[in-house]
Amino acid sequence: MKPILVFLFLSFTSCFAFAQNHQGNHQDIENYKITYLKEKLDLTPAEDKIFWPIYNSWQSEQGALRKERKGKMISFRKSTDIESLSDTEVQQLIQNELNFKQRDLDIEKKYYNKLKSSLPIKTVGKYYRAQETFKRELLSRYRDGKKS
């Protein structure tokens with residue numbers, strides 16, 4: 001269930017960022033995330049030099065995958081009536097989505113292995129915990145902003 005929530009959150013933040021002046025808002029969120037991670041991870045200068053290139057590469061790879069996914073899902077989203085699609089088309093669209101989820105998981109594993117082979121495992125654990133708390137904080141800020 002947790003991977004589904006993470007995926008939905010990432011999809012949501014991507015769509016939200018795009019809908020709201022996608023470049024500026026997305027950059028604001030990313031800047032806030034970097035500041036948040038720096039505070040929570042409290043990396044040594046040596047760890048800092050190792051972590052950020054891995055993180056940036058990871059974000060770049062995930063961003064490219066999300067962009068590709070968005071392009072391939074357009075036809076599915078544009079179809080207002082699923083009944084108008086053939087069974088083969090529906091099956092292909094669902095299979096594409098499952099393939100994207102698997103590729104996202106493969107990227108996650110790849111960078112987890114890079115982090116754990118380069119940094120102390122507790123630092124890697126802090127990163128994963130900070131990712132989760134950042135998501136909760138971002139959603140909370142979004143909800144609070146919507147109430148205003």
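Treating r as the C-beta distance of ARG143 and ALA46 and R0 as 35 Å, the FRET efficiency rounds to 0.35. Per-residue 3J(HN,Hα) values for the stretch 131-143, derived from phi via the Karplus relation 6.51 cos²θ - 1.76 cosθ + 1.60 with θ = phi - 60°, read 4, 5, 5, 5, 4, 5, 5, 5, 4, 5, 5, 5, 4 Hz in sequence order (x marks Gly and Pro). In this label model, LYS109 and GLN92 are separated by 2.8 nm, measuring between points 7 Å along each Cα→Cβ vector. On the principal axes of its alpha carbon atoms, the stretch 33-120 extends 57, 24, 16 Å, with the longest extent given first.
The apolar share of the surface of the stretch 97-148, taken as the fraction of accessible area on carbon and sulfur atoms (1.4 Å probe, ligands and nucleic acids excluded), comes to 52 percent.
The values are calculated or read from the model by the stated rules, or taken from the named source; none is laboratory data. In this text, all values refer to a predicted model and were calculated from it rather than measured experimentally. Glycine gets a Cβ as well: all are built from the backbone with ideal geometry, and neighbour counts include every protein chain shown. Please note that ligands, DNA and RNA were not included when accessible areas were found on the heavy atoms of the full protein model with its side chains. Shrake-Rupley method; radii C 1.70, N 1.55, O 1.52, S 1.80 Å.
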